[in-house]
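Notes for the one structure printed next.
The values are calculated or read from the model by the stated rules, or taken from the named source; none is laboratory data. Owing to the predicted nature of the structure, the values given are computational and were not obtained by experimental measurement. Cβ atoms come from the backbone with ideal geometry, glycine included; neighbour counts cover every protein chain shown.
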Amino acid sequence: MTDGATPPPPRRLWGGRFAGSLDETADRLNRSLPLDQRLWPQDVRAARAWVAALRGAGVLTASEARTIAAGLNRVAARLDGGVAADAPDEDVHTLVERLLFEEVGELAGKLNTGRSRNDQVATDLRLWCLDAVAEVDREVTALGIALIDRAEHGIDLLLPGYTHGQRAQPVRWAYVLLAHVWPLARDRHRLGAVADGASELPLGAGALAGSGIAIDREKLRTALGFARIAGSSLDVTGDRDFVAEFLFALAMIALHLSRLGGELINYASSEYGFVRLADGYSTGSSLLPQKRNPDVLELARAKSARVTSGLTGLMTLLRGLPSGYSKDLQEDKTYLFDAVDTLLATLPAVRGAIETLTTCPERMAAALDGGLMATDLADGLVASGVPFREAHELVGRVVRLAEERGLTFGALPAHEVTAIHPLLQGLVASLGSWEHSVERRATPGGSSRASVARQIEVLRSALAGQLRQAPGGQIVLP
Ligand code: ARG
């Protein structure tokens with residue numbers, strides 16, 4: 001037990017072989033506790049399961065197992081109270097072990113029978129990823145739902161849809177917003193696959209070659225909720241594919257946020273003026289009093305660089321490593337934790353910006369210029385049997401005429417339009433409203449009211465439910 005006077009010296013797990021102690025510079029380089037202390041809940045959880053496995057293998061008596069388990073509970077309580085913050089230990093595994101020694105004395109030395117930090121860290125990290133995947137998934141889902149809610153209220157709002165940054169065809173505001181929800185639905189799928197890949201049990205692998213003690217790994221697997229037992233102890237101690245897969249999924253989410261952010265930055269600009277960000281999500285300029293800056297969206301765009309570099313960083317770290325554990329792997333957490341933290345900070349802010357922005361229907365309407373009906377005219381000619389290429393050419397002449405005269409299609413002299421093609425004047429007269437134009441695109445996935453309503457329905461169900469682990473450990477995709 002600690003008396004609180006002087007902190008005990010850090011316990012080294014490998015002291016016996018060495019006469020001298022680690023140089024201070026080497027120790028500073030080697031230490032990972034500042035980073036990996038956040039793995040303590042997973043480390044304690046895995047330790048509890050390991051106690052049961054050792055009991056099952058006859059390494060611990062029932063009373064020893066009870067004492068260690070109770071000790072681990074007290075260790076968890078101390079860690080929860082923040083004892084890790086200024087602990088001197090090398091890493092989280094050493095820390096948990098030292099605390100256990102303080103709680104139960106020399107008996108703690110039995111816990112590491114057949115266990116190595118190599119299978120421990122792989123186990124902790126996989127457990128951590130499974131929790132983090134679920135948390136990121138919840139945030140992705142919440143953002144998707146916020147976009148759909150806004151879309152539902154924006155179904156009557158019309159604005160130009162853009163390609164190449166040019167006004168192209170009239171569309172619904174809902175349709176534009178939903179185009180950013182589909183990527184999030186795909187992200188959820190990817191997260192499910194990541195969770196499934198991570199759901200493999202390393203514990204029992206030992207340092208690299210398995211355990212000489214008859215551990216029931218199947219029981220261990222169910223106790224920790226993994227879907228499978230890793231097929232090779234050598235592979236699983238050095239395998240960080242699941243981290244790379246998670247980072248890829250995170251990089252894609254960040255990429256999607258950057259595109260959403262980028263588009264909304266345009267729409268919020270003075271030039272477009274289609275949306276206005278709420279005060280809570282806009283910042284002022286230190287010099288220009290009139291400015292209203294979309295910093296949240298700009299940062300959402302920027303964070304993608306950071307998360308993507310995490311993915312390339314990790315993959316660069318892994319390349320060329322032999323199978324089994326190498327200390328290089330200690331660095332995996334810098335990329336992983338940073339990417340998860342970055343997204344968990346970005347997603348709620350973007351969601352808030354979406355939930356609170358206001359739309360400016362007049363500015364959207366003002367951007368709908370007559371030329372956006374050109375495709376409708378061409379479609380009209382096609383319906384009367386004119387080949388599309390010819391229709392395109394004929395309507396192109398109408399567009400040029402309108403541009404030269406500075407007139408809308410409807411205001412052009414009838415005889416000049418008829419001279420281009422006899423059917424055109426009638427088509428111009430029957431173009432109808434913007435709403436009519438949008439409703440003409442009623443194919444599945446199109447921008448008509450019914451198509452948009454259908455998208456909302458499909459996306460709501462894609463965002464329903466949570467990623468979860470079935471009792472057998474398998475990851476259930478929503
Ligand atoms: N701190 C190490 C890591 O994060 C734990 C595993 C160390 N294993 C070892 N044999 N030194 O990777």
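If you go through segment 145-187 one residue at a time, how many are β-branched (Val, Ile, Thr) and within 26 Å of the chain's Cα centre (by Cα)? Steps first, answer last, please.
Of the residues in segment 145-187, the ones β-branched (Val, Ile, Thr) are 145, 148, 155, 163, 171, 176, 181.
Imposing the further condition that a residue be within 26 Å of the chain's Cα centre (by Cα) reduces the set to 145, 148, 176, 181.
Total meeting the criteria: 4.
Yes or no, residue by residue, for (1) modelled with pLDDT of 95 or more; (2) more than 21 Å from Val350 (Cα to Cα); (3) touching a Ser or Thr at 6+ places or on another chain (Cβ under 8 Å):
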position: Asn112; (1), (2), (3): no, yes, no
position: Thr123; (1), (2), (3): yes, yes, no
position: Thr141; (1), (2), (3): yes, no, no
position: Leu159; (1), (2), (3): yes, yes, no
position: Pro170; (1), (2), (3): yes, yes, yes
position: His180; (1), (2), (3): yes, no, no
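Just to be sure before I move on: is Leu220 surrounded by 19 or more Cβ atoms within 10 Å (Cβ to Cβ), in a helix (DSSP H, G or I) and modelled with pLDDT of 95 or more in the structure I sent?
The answer is yes for Leu220.
Does segment 278-290 include one or more residues that are in contact (Cβ under 8 Å) with a residue 60 or more places away in the chain, part of a helix (DSSP H, G or I) and exposed (fewer than 15 other Cβ atoms within 10 Å of the Cβ)? I'd like the intermediate steps shown before the answer.
Filtering segment 278-290 for residues in contact (Cβ under 8 Å) with a residue 60 or more places away in the chain gives 278, 280-281.
Pick out the ones that are also part of a helix (DSSP H, G or I) and you get 280-281.
With exposed (fewer than 15 other Cβ atoms within 10 Å of the Cβ) added as a condition, the list becomes 280.
Yes - at least one qualifying residue is present in segment 278-290.
Scanning segment 216-242 for residues that are closer than 17 Å to Arg468 by Cα and of a type outside the set (A, V, I, L, M, F, W, C) yields Arg221, Thr222, Gly225, Arg228.
Give all pairs with beta carbons closer than 8 Å in which a residue from segment 119-141 that is farther than 20 Å from Met252 by Cβ meets a residue that is within 16 Å of the ligand (Cβ to nearest atom) and among the β-branched types (Val, Ile, Thr); count only pairs at least 6 apart in sequence or on separate chains. Cβ pairs passing all conditions: Asp119/Val236; Asp119/Thr237; Ala122/Val236; Ala122/Thr237; Asp124/Val92; Leu125/Val243. From the set of residues in segment 60-82 that are within 24 Å of Asn118 (Cα to Cα) and of a type in the set (A, V, I, L, M), which is surrounded by the fewest Cβ atoms within 10 Å (Cβ to Cβ)? Here the answer is Ala69.
Would you be able to say whether some residue in segment 48-57 is part of a loop (DSSP other than H, G, I, E, B), over 35 Å from the mean Cα position of the chain (by Cα), more than 13 Å from the ligand (Cβ to nearest atom) and farther than 30 Å from Glu331 by Cβ? Working first, answer last.
Initially, segment 48-57 is screened for residues part of a loop (DSSP other than H, G, I, E, B), giving 57.
Those still in the list that are over 35 Å from the mean Cα position of the chain (by Cα) too: 57.
Subset that is more than 13 Å from the ligand (Cβ to nearest atom): 57.
Filter once more, so that each one left must be farther than 30 Å from Glu331 by Cβ: 57.
Yes; the residues of segment 48-57 include at least one that is part of a loop (DSSP other than H, G, I, E, B), over 35 Å from the mean Cα position of the chain (by Cα), more than 13 Å from the ligand (Cβ to nearest atom) and farther than 30 Å from Glu331 by Cβ.
Scanning segment 102-117 for residues that are under 21 Å from Asn30 (Cβ atoms) and either touching a Leu at 6+ places or on another chain (Cβ under 6 Å) or more than 16 Å from the ligand (Cβ to nearest atom) (or both) returns no hits. Filtering segment 118-133 to residues that are within 15 Å of the ligand (Cβ to nearest atom), of a type in the set (Asp, Glu) and under 22 Å from Leu467 (Cα atoms) leaves only Asp124. Per this entry, Ala84 is counted among residues that are within 25 Å of Phe246 (Cβ to Cβ), out of contact with any Ser or Thr (no Cβ under 6 Å at 6 or more places or on another chain) and not in a helix (DSSP H, G or I). Out of the residues in segment 149-159 meeting the condition of being under 19 Å from Gly261 (Cα atoms) and touching a helix residue (DSSP H, G or I) at 6+ places or on another chain (Cβ under 6 Å), tell me which one is surrounded by the most Cβ atoms within 10 Å (Cβ to Cβ). Here the residue is Leu159.
Can you say whether Arg74 is of a type in the set (Lys, Arg), in a helix (DSSP H, G or I), in contact (Cβ under 8 Å) with a residue 24 or more places away in the chain and farther than 27 Å from Arg217 by Cβ, as far as the supplied structure shows?
Numbers: of a type in the set (Lys, Arg): yes; in a helix (DSSP H, G or I): yes; in contact (Cβ under 8 Å) with a residue 24 or more places away in the chain: yes; farther than 27 Å from Arg217 by Cβ: yes.
When the stated conditions are applied, Arg74 passes them.
Between a residue in segment 187-199 that is at negative phi and any residue that is aromatic (Phe, Trp, Tyr) and outside any loop (DSSP other than H, G, I, E, B), which pairs come within a Cβ distance under 6 Å, given they are 6 or more apart or on different chains? Cβ pairs passing all conditions: Val194/Phe246; Gly197/Phe242; Ala198/Phe242. Determine whether Asp328 is of a type outside the set (Phe, Trp, Tyr), free of Cβ contacts under 8 Å to residues at least 24 places away in the same chain and within 16 Å of the ligand (Cβ to nearest atom). It is true that Asp328 is of a type outside the set (Phe, Trp, Tyr), free of Cβ contacts under 8 Å to residues at least 24 places away in the same chain and within 16 Å of the ligand (Cβ to nearest atom).
Applying the set (1) in a loop (DSSP other than H, G, I, E, B); (2) under 19 Å from Ala134 (Cβ atoms) to Ser211 leaves exactly one unmet item: (2). In segment 318-363, how many are among the hydrophobic types (A, V, I, L, M, F, W, C), buried (at least 20 other Cβ atoms within 10 Å of the Cβ) and closer than 18 Å to Ser32 by Cβ? Matching residues across segment 318-363 total 4. Considering only residues that are more than 21 Å from Gly206 (Cβ to Cβ) and away from the ligand (no atom under 12 Å from the Cβ), look in segment 89-101 and name the one that is surrounded by the fewest Cβ atoms within 10 Å (Cβ to Cβ). Among those that are more than 21 Å from Gly206 (Cβ to Cβ) and away from the ligand (no atom under 12 Å from the Cβ), it is Phe101. Each residue in segment 197-225 was checked for being of a type in the set (Ser, Thr, Tyr) and in contact with a Leu (Cβ under 8 Å, 6 or more places away or on another chain), and 1 of them qualify.
The set of residues in segment 346-383 that are out of contact with any Leu (no Cβ under 8 Å at 6 or more places or on another chain) and β-branched (Val, Ile, Thr) comprises Thr358, Thr375, Val382. If the condition is being within 16 Å of the ligand (Cβ to nearest atom) and surrounded by 19 or more Cβ atoms within 10 Å (Cβ to Cβ), then segment 296-317 contributes Leu314, Leu317.
The helices (runs of 4 or more DSSP H) falling completely within segment 364-478 that include 1 or more residues that are crowded, with 16+ Cβ neighbours inside 10 Å, aromatic (Phe, Trp, Tyr) and in contact (Cβ under 8 Å) with a residue 12 or more places away in the chain map to 434-439.
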